[in-house]
Amino acid sequence: MDSSTPPVPPAKKTNWWLIGCGGCLGLMVLALIGGGAIFMGVLKIIKSSGPYQTAVAGATASPEVQAELGTPIEPGFMPQGNVNTNDSGGTSTGTADLTIPLKGPKASGSLHYAATKDGGDWVVSDFTVTVEGSGKKIHVGP
């Protein structure tokens, strides 16, 4: 036998806990991305709805709201509330109850829009802007 044969190196130890933690971390990241995608999708649906568009357009065009908040008036990132519609049997029904933050150069405010739909157009029950700080309420719609 040849005594000059180099020794065999020991087998490399695998750190299985690192692989396990990496897998868990990967699943958590995927869950966060999925949750964020769902959240952004719902936000996009609400912002593209008729009641949201009507409320923002009416509030930003109101001379009283412009005088209090200044121009331009921008809607905030995250509206609160809901819009439900049901188009079945040839009739369309729905409800909308939204609170939308507004921001202008002079002040900020909160737009509240509530309406119902039974067959035809939306019937507005509340369409007001509340100015932050002063608490002044401006009735925008009917």
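Quick test for you: out of Thr60, Thr99, Thr14, Thr5, pick the one residue that is assigned to a helix (DSSP H, G or I) and among the hydroxyl-bearing types (Ser, Thr, Tyr).
Values: Thr99 fails: assigned to a helix (DSSP H, G or I); Thr14 fails: assigned to a helix (DSSP H, G or I); Thr5 fails: assigned to a helix (DSSP H, G or I).
On inspection, the qualifying residue turns out to be Thr60.
Going residue by residue through region 109-117, is there one that turns out to be farther than 27 Å from Met40 by Cα and small (Gly, Ala, Ser)? Please lay out each step first, then the result.
Taking region 109-117 as the starting set, the residues that turn out to be farther than 27 Å from Met40 by Cα are none.
No, the conditions are met nowhere in region 109-117.
Mind checking which residues of region 112-142 are among the charged types (D, E, K, R), part of a strand (DSSP E or B) and within 19 Å of Ala67 (Cβ to Cβ)? Passing the criteria: only Lys137. Quick one: is Ala55 assigned to a helix (DSSP H, G or I) and either surrounded by fewer than 10 Cβ atoms within 10 Å (Cβ to Cβ) or within 20 Å of the chain's Cα centre (by Cα) (or both)? Yes; evaluated as a whole, the condition is true for this residue.
Looking only at residues of region 29-52 that are at pLDDT below 90, in a helix (DSSP H, G or I) and small (Gly, Ala, Ser), we find that the one that is surrounded by the fewest Cβ atoms within 10 Å (Cβ to Cβ) is Gly41. Return a yes/no flag: does region 60-70 have any residue that is small (Gly, Ala, Ser), under 30 Å from Asp126 (Cα atoms) and touching a Pro at 6+ places or on another chain (Cβ under 9 Å). Yes, region 60-70 contains a residue that is small (Gly, Ala, Ser), under 30 Å from Asp126 (Cα atoms) and touching a Pro at 6+ places or on another chain (Cβ under 9 Å). For Ala67, the test of being aliphatic (A, V, I, L, M) and assigned to a helix (DSSP H, G or I) is passed. Gly109 meets the conditions (1) more than 30 Å from Gly89 (Cβ to Cβ); (2) assigned to a loop (DSSP other than H, G, I, E, B); (3) touching a residue at least 24 places away in the same chain (Cβ under 8 Å) in every case but one. The failed one is (2). Scanning region 57-78 for residues that are hydrophobic (A, V, I, L, M, F, W, C), touching a residue at least 12 places away in the same chain (Cβ under 8 Å) and under 12 Å from Ile138 (Cα atoms) turns up Ala59, Val65, Leu69.
So in region 95-128, with the set limited to residues that are of a type in the set (A, V, I, L, M) and under 16 Å from the mean Cα position of the chain (by Cα), which one is surrounded by the most Cβ atoms within 10 Å (Cβ to Cβ)? Reasoning before the result, please.
First, the residues of region 95-128 that are of a type in the set (A, V, I, L, M): 96, 98, 100, 102, 107, 111, 114-115, 123-124.
Those still in the list that are under 16 Å from the mean Cα position of the chain (by Cα) too: 96, 98, 100, 102, 111.
Details: Ala96: 24, Leu98: 21, Ile100: 22, Leu102: 24, Leu111: 27.
In this case the residue turns out to be Leu111.
Every condition in (1) more than 20 Å from the chain's Cα centre (by Cα); (2) closer than 23 Å to Lys137 by Cβ; (3) not in a helix (DSSP H, G or I) is met by Gly81 except one, and the failing one is (1).
The values are calculated or read from the model by the stated rules, or taken from the named source; none is laboratory data. A quick note: this is a predicted structure, and the numbers were derived from the prediction, not measured. Positions of Cβ are generated from backbone atoms using ideal geometry, with glycine treated the same way; all protein chains shown enter the neighbour counts.
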